[in-house]
1. What's the long-distance tail for region 421-512, i.e. % of Cα pairs beyond 18 Å?
2. Take the Cα radius of gyration of region 502-589 and divide it by 2.2 N^0.38 Å, with N its residue count; two decimals is plenty.
3. Could you give the distance between the Cα centres of region 680-719 and region 157-194, to the whole Å?
4. Any chance you could check the Cα centroid distance between region 360-385 and region 404-425 for me, in angstrom?
5. Assuming 0.36 nm per residue, please report the length gained on full extension of the stretch Leu568 to Ser395 beyond their Cα-Cα distance.
6. When the Cα atoms of region 172-261 are enclosed in a convex hull and the volume is divided per residue, what value in Å³ results?
7. Of Lys329/Lys357; Lys478/Lys518; Lys193/Lys329; Lys329/Lys465, which sit over 32 Å apart, Cα to Cα?
8. Rounding to the nearest 20 debye, state how big the charge dipole of region 502-589 is about its Cα centre with +1 on each Lys and Arg Cβ and -1 on each Asp and Glu Cβ.
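Bear in mind these aren't lab numbers, they're just calculated from the coordinates by the rules spelled out. On a predicted model such as this, the values are computed, not experimentally measured, just so you know. Cβ coordinates were reconstructed from backbone atoms using ideal geometry, including for glycine residues, and neighbour counts include every protein chain displayed.
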Amino acid sequence: MKKSFLFIASLLTLASVFSCKQAKEEIPAEVTSEETPDADRFFVPGEIILQLDDNLISALEQAQSPTSTKSADFNAVASLLQVYSFERVFPEAGKFEARHRAAGLHRWYRLRYSEELLETKADTDIEDLFNLPGVLTVERPRVQEEQAFNYFNDPYAYYCWFLENDGTLGSGFKKGSDINVVPVWEQFTTGSKEIVVAVVDTGVDLNHEDLSAVVLAPGEGGSQSFIEGYDPLDIPAGNHGCNVAGIIGAVNNNQLGGSSVAGGSDGTGGVRIMSCAASDGKTSTLNGNTSAAIVWAADNGACIVNNSWGNTYSTEEEARKASMEYDYKPSSSRAAIDYFIDNAGIDETGKQVGPMKGGLVVFSAGNSSWRWSTPASYSRVVAVGAFQHNNAVTSYSNYGTWVDIWAPGGGEDSAEQMMFGPIAGGGYAWMAGTSQAAPCVSGVAALLLSYYGGPGFTAEELKEKLIWGAKFGVLNMKDKASPGGRLDAYGSFTYQGREPVTFTTDYSGNFHFKSHEKTQFTYTIHGNDDGLLSIETYSLSPIVDISVKGNDLLFKVNALNGEPGTYLAGAVVGEGTPFEASLDLTFTIEPNHAPTLVKALENQVLDAETNETRTIDLTQYITDPDGEVLTYVTQVETGSTASATVSGNTLTVKALTYGQTAVSVTAMDARGETVKSSFSLLNRNTALPVDLYPNPVTDYMTVRPTQDGTFLIQFYNQAGSKVLEESIQAGLYQPYRLNVSSLASGLYTVVVDGNGINYRAAIMKL
């Protein structure tokens, strides 16, 4: 459907109709990326891919001819973009159209506009232009390139060391550095003609002497061209696609060219090749619709699709961000990959009609010696790195935890070290790269499907046999860390399965924690005794720290590191493999409760004469609802009068001299919540009913009876004459200050009388 002008006008006129725009898929902030300013050469010029919502698509499909749509808005936008093409990325699919729509493939449209716009408009301006209701995603497609490393045109057809390496081919060749396929040919199969492997690449030479018998003819259910400007039935041959197809299924035992992984043994070929041409082979750039090619393969009988290509990037950092983003951000290529995995081998009614239910997508890892690549790093595909004739990974191969398996890709120093195979025009050549490693894996997958395929057999079973039948720990990795093993065809055929991954722990507590609690416990991983499954931990809160030691996961929980609430933490073992298992734990931190006062601290009276010390159990007065061990701070108002200290939950007070002071005790929990209580501390001679001090006295004397009430105070000189008398109100905590400054110096007898107290004492007046 080419309705470019109608589409632009419709976007503008429909903006007022659809007021609720569908939410675009959220992308975590930490994996979003901005392209470098000089990166335009890595994008397909003059193209934008859009994902539209169903309302907008329906309105566009119901619109009239573009010639009847005229408006100032239309003229302005059409002039700005110079749009000349607008069509579905995945064309109408006939009987599979309903399935395409269920997968959302009908929402993806490719818009082509004047390439001159790239010189005047930044990427963000283009996205803003289409940030309208009904537009879910704006994607600038990247240039896709073949991933061959190099090649020589030396026709040594019998030098296929990747199939069987006995170590005698040349200097540096190591016996066993191959895919160990000969025992499979001898005991199981050399490839069934019922198996179709799609090759999304440059076109395969339909007339090549070593390929013509196995390449499907163009047309419905067969090979197809997806190259811009080419008829769908016109498949131009390219060296790269021919070499890749030849490694998978060039005819074996026909006395021509070289041998292949799954090319049969009777001279008529084994597995069939579906050429999905995405490039005319004139350059390394794929200028065809690779996404549509992958979907076509799923709908037309292929259960395995080989992709020896990848997206281009200017820097490794840019590739890293794109790789992290790929699993989250919608794209037409990811939609195509998901469609193939979910629908290959299944008809439009959901019935398995192929040798396998679901599809296997194989991607070469790339040749930049980087740790990142797309789409190869996508978790649902089989990513293939390259090793060479000496059992070492190649210097050019990309690598990382996302690489699922390693296969022969060819060395770099001589033709004999590379991968021999057919090329366009009927010849043969040596080539090297992860492009050559990927078809080794696709070929072994085709052998497995030839033997095990049938009703009920699934793509997950195939993927498991392929990846876990590999030999682990035998490659010289050259610091290119990866969990993947070396492709081993015989190992995959004799693979008996692995113990499922499980988790156990001796921890008997629950995962509800008081806001102050700390604890640690261990979970042990079972089913990873060889240590080949990756272990990734995650914690969505600072309250949980997880460390890995071997197959043990040590969880350290400190509730104080976060606010009360519910948090997730755990681990994923073998992510992206058939044995993937996750441990997902929910941690709840309960709200904190401040310490509370059970009752106020009582006033205390200590004997100042003996410097009495007294202990007080603070748990009788202060408690914590959360059961915390509290910390205490004490303060004495008049420090010279008494001391107060806390050890554990015990308060100790000591009389230092006569007098009264206030003592406060503040209790604090781990989160800093507090409660405070104060009391009066009186230091006196507890053997006396009345305190009279100071003695000697100069001007004022304090009178402190142990009972509250009215008292008569009388002073007598040494002659027995009364020289002072005063009625006072006083008590233990309400002493009275009596002014005696008018008395002459000398010795006096003081009498305190009242409330059952009659007390005499000698006082010296200075």
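1. Roughly 62 percent, once rounded to a whole number.
2. Cα-based Rg divided by the globular estimate yields 1.10.
3. Spelled out, the Cα-based centre of one part sits 113 Å from the other.
4. Their Cα centres are 18 Å away from one another.
5. Numbers: separation 173, 0.36 × 173 = 62.28 nm, distance 4.00 nm.
58.3 nm is the gain from fully extending Leu568 to Ser395.
6. Values: hull volume 10.9 nm³, N = 90.
It comes to 121 Å³ per residue, whole-number rounded.
7. Details: Lys329/Lys357 27 Å; Lys478/Lys518 42 Å; Lys193/Lys329 38 Å; Lys329/Lys465 30 Å.
With Cα atoms farther than 32 Å apart: Lys478/Lys518; Lys193/Lys329.
8. Values: 4 positive and 11 negative charges, 78 e Å.
Dipole size: approximately 380 debye.
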